[in-house]
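Right, one structure below, let's go through it.
The values are calculated or read from the model by the stated rules, or taken from the named source; none is laboratory data. In this text, all values refer to a predicted model and were calculated from it rather than measured experimentally. Here Cβ is always computed from backbone atoms with ideal geometry, including for glycine, and neighbour counts include all displayed protein chains.
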């Protein structure tokens, strides 16, 4: 009984809803401020110290605003899909070992989490597709093409840490990860190439430049998000921030890791700090790439993915297996 | 959206759209991502300016012509003043001519940098957009220093210019120019080398030389298609017959070439400003103000940042013009541009659009435009019907 | 074509650099001397010729008739009222004024909620200053 209560508390508060909510808003602020600074502008400034409350203020403001009904056969389904996407991101957060121990953990969750992330993206895609508008349809089609091209490289990249560490549990991988590289220095070059490919793939996963085609502003206004307004838009924005936060944490925990295994409270706090710092490092790199590239065209991007990224990801996977076997 | 996903989607750009900075409407028929038909519908910012010219005295017309297009305002006032001077049979003093060239070129730099920034933004490259616009402030400050305002220069007047520059100002300007030049050279390298920009612009929106001549495109758009025209060299006005400069022509004919023409022109303009300020003749800057003109007719042509600008002035005596006709470069370029969209993807629309540097406030002025676009609509409707039958 | 974008270096450098933005109402930039701001009008110099109002391209200068005769047949001068909200700051009025009664300033911060703040009407004293000029002249004759 106690166990169930703890689980509910955890999924509501710590790595669950409340935590993801604030992490998502903070991540949005971090990204906006960093983008601003990289472009030599101020970024959010007025709300709170250094504008840190700006995403929160935006969220509250959007909640108050009128939600314009979308032209659709099934408006309720759109709302359902958005809420589902958001809750999937929160659910994913339960698998990420923020304290060193994940709330939910089983063998194979390292494969489940990217699957869920892709599923949530496709929920947003369906939500966009269900609104009847040329722009949302085009945006949703682009998102779909991107998600399809993404799955293979993402899974094969995520398989790498699993191969390195010989474990399929996120929690375990995040504990072993950097130490296994030190023990087997032959894996380091593979790991570095993987990081490079990951940087590109993650950019497409979180729909940032150069792969921001699904909501390319100057082309299709806001892509699949065009028809959303008011509370619906607030939730979609939150979902997308949560996507950025959770994806980055996930990637950070399995590719960098280095979390402590001890069960002492201080170790847990240190783990949270380490993982959040790593998350922000990942976001920093993503923002950096976003800031130095133009948006690609969807056909060029798909070309790039199918011709270069996917073969090299699979090649890298084979290379990792060979290296591992030799060792 | 009509029918299933594979059928033609009507994608409407504008009158309000993030890619358009002025209200104008483009109706694109897209099949998946491919544009099969583009129809511009212009006339949203028609302000009746040509009629207003007839009601206002020549001296007020200067400020009115400035407001046809805020970005290339100096080109408009130079052109207007030249037309009026021709009718009045007066010739501005040489120092005024040099100063006109200086401000005209500063205006060109500011306009081209604005466009390059917008081009970056339309390609989704926000950082480059922000940085170019940050460095554009350098030239804005120079314009402010010389003319008294950042954009609306109000510098030219009938028979000369309204402000003189002193040695101190010249020194200040010459000090800023190298800084600007260094930044522009940096951006030139960025546009030349950046992989994502090249991927988006090279071989996009190709306008072959033959078509460029047939559609009578002007300015950087023509020069990007290997058509060697530049009013500054071909029919020199102001002090351009005495200032040495190169006309930039590229033969790649694509969006990238049109952008590169503009980057190189900025560098060329910086040299013109430097030369003109260093060789500034002394003397008067303006003739005494003349308010009325004898009956007559004049045509004045100027190389505005966007291309050839033409003013046709008819006077029947008195202090107001009888008729003033303005032909702006965007009007000349727009018809060719709407052909360029066909066969490209939706993502290329902003890139192609920005490469003609559209200025719709300029374009929407003449009744002729409406007739033309009306005609083109009819043609396309018939074509569409034919397409539907097939 | 290079694979690594050239902007990388500059973007990284920008993170630690001070932003180029000026936070406008808090900090203001330096305005060059010749900037065309809100022009001043001085009643001491104005002779009410009305040239400014005639040349104003936007009709921002309204001309108010002012009777300057000290009795007998009325004699009107034209006194400018400046509606700055219509002004385009072309300074044609400054240029055309024969007595330099309209003077340039560099004041540019004109936005306000109160429309009367952007209208410059001559006060009673100013009107009497102008009227006195002519009365003296006609009285001297």
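Observations on the model:
- Within the set C:112, C:105, the sole residue that is under 28 Å from residue B:168 (Cα atoms), at pLDDT 85 or above and more than 11 Å from chain B (Cβ to nearest Cβ) turns out to be C:105.
- Top-ranked residue of the stretch B:151-175 - restricted to ones that are surrounded by 15 or more Cβ atoms within 10 Å (Cβ to Cβ) and part of a helix (DSSP H, G or I), ranked as farthest from the other protein chains (Cβ to nearest Cβ): B:170
- Qualifying position, being surrounded by 23 or more Cβ atoms within 10 Å (Cβ to Cβ) and on the phi < 0 side of the Ramachandran plot, among A:188, A:254, A:182: A:254
- Of the listed requirements (1) away from chain B (no Cβ under 14 Å); (2) in contact with a strand residue (DSSP E or B) (Cβ under 9 Å, 6 or more places away or on another chain), residue A:255 misses just one: (2).
- Pairs meeting the criteria (first residue in the stretch A:33-59 and in contact (Cβ under 8 Å) with a residue 24 or more places away in the chain, second residue assigned to a loop (DSSP other than H, G, I, E, B) and surrounded by 19 or more Cβ atoms within 10 Å (Cβ to Cβ), beta carbons under 8 Å, at least 6 apart or on different chains) are A:34/A:43; A:35/A:43; A:52/A:44; A:54/A:44; A:55/A:44.
- Checked against the criterion of being part of a helix (DSSP H, G or I), within 16 Å of residue B:260 (Cβ to Cβ) and either touching a strand residue (DSSP E or B) at 6+ places or on another chain (Cβ under 7 Å) or in contact (Cβ under 8 Å) with a residue 12 or more places away in the chain (or both), the candidates B:146, B:197 yield just one match: B:197.
- Filter pass, residue B:105 being assigned to a helix (DSSP H, G or I), out of contact with any strand residue (DSSP E or B) (no Cβ under 8 Å at 6 or more places or on another chain) and either more than 14 Å from every other protein chain (Cβ to nearest Cβ) or buried (at least 24 other Cβ atoms within 10 Å of the Cβ) (or both): yes
- Candidates C:42, C:69, C:111, filtered to the one that is touching a residue at least 60 places away in the same chain (Cβ under 8 Å) and under 29 Å from residue B:156 (Cβ atoms): C:42
Yes or no, residue by residue, for (1) closer than 16 Å to residue A:246 by Cα; (2) in contact (Cβ under 8 Å) with a residue 60 or more places away in the chain; (3) over 19 Å from the mean Cα position of the chain (by Cα):
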site: A:70; (1), (2), (3): no, yes, yes
site: A:79; (1), (2), (3): no, yes, yes
site: A:85; (1), (2), (3): yes, yes, no
site: A:97; (1), (2), (3): yes, yes, no
site: A:112; (1), (2), (3): yes, no, no
site: A:115; (1), (2), (3): yes, no, no
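- Restricting the stretch A:138-171 to residues that are within 14 Å of another protein chain (Cβ to nearest Cβ) and without any contact (Cβ under 8 Å) to a residue 40 or more places away in the chain leaves a set whose member that is nearest to residue A:184 (Cα to Cα) is A:144.
- When the stretch C:1-26 is limited to residues that are within 7 Å of another protein chain (Cβ to nearest Cβ) and loosely packed, with under 11 Cβ neighbours inside 10 Å, the one that is modelled with the highest pLDDT turns out to be C:3.
- The single residue among B:349, B:243, B:319 that is crowded, with 24+ Cβ neighbours inside 10 Å and farther than 20 Å from residue B:216 by Cβ turns out to be B:349.
- Counted as qualifying within the stretch B:1-88 are the strands (runs of 3 or more DSSP E) with 1 or more residues that are within 11 Å of another protein chain (Cβ to nearest Cβ) and touching a helix residue (DSSP H, G or I) at 6+ places or on another chain (Cβ under 6 Å), namely B:8-13.
- In the stretch A:214-225, the residues that are within 7 Å of chain B (Cβ to nearest Cβ) and crowded, with 24+ Cβ neighbours inside 10 Å: A:216, A:219, A:220
Conditions (1) more than 12 Å from the chain's Cα centre (by Cα); (2) more than 14 Å from chain A (Cβ to nearest Cβ), marked per residue:
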{"position": "B:309", "(1), (2)": "no, yes"}
{"position": "B:314", "(1), (2)": "yes, yes"}
{"position": "B:321", "(1), (2)": "yes, yes"}
{"position": "B:327", "(1), (2)": "no, yes"}
{"position": "B:331", "(1), (2)": "no, yes"}
{"position": "B:337", "(1), (2)": "yes, yes"}
{"position": "B:342", "(1), (2)": "yes, yes"}
{"position": "B:345", "(1), (2)": "yes, no"}
{"position": "B:349", "(1), (2)": "yes, no"}
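- Filter result (surrounded by fewer than 16 Cβ atoms within 10 Å (Cβ to Cβ), away from every other protein chain (no Cβ under 14 Å) and either free of Cβ contacts under 8 Å to residues at least 12 places away in the same chain or within 18 Å of residue A:162 (Cβ to Cβ) (or both)) within the stretch A:295-323: A:311, A:314, A:315, A:318, A:321, A:322
- Unique residue being at the interface with chain B (Cβ under 8 Å from one of its Cβ atoms), under 22 Å from the mean Cα position of the chain (by Cα), modelled with pLDDT of 85 or more and surrounded by 14 or more Cβ atoms within 10 Å (Cβ to Cβ) when the list is C:45, C:36: C:36
- Among residues of the stretch B:136-150, those that are at the interface with chain C (Cβ under 10 Å from one of its Cβ atoms), more than 18 Å from residue C:90 (Cβ to Cβ) and surrounded by fewer than 21 Cβ atoms within 10 Å (Cβ to Cβ), counted: 2
- In this entry, residue A:295 passes the filter for residues that are in a loop (DSSP other than H, G, I, E, B) and under 30 Å from residue A:139 (Cβ atoms).
- Test result for residue A:34, within 14 Å of chain B (Cβ to nearest Cβ) and either over 17 Å from the mean Cα position of the chain (by Cα) or part of a helix (DSSP H, G or I) (or both): yes
- Residue list for the stretch C:51-71, restricted to those being within 11 Å of chain B (Cβ to nearest Cβ), part of a loop (DSSP other than H, G, I, E, B) and over 13 Å from residue C:39 (Cβ atoms): C:57, C:58, C:59
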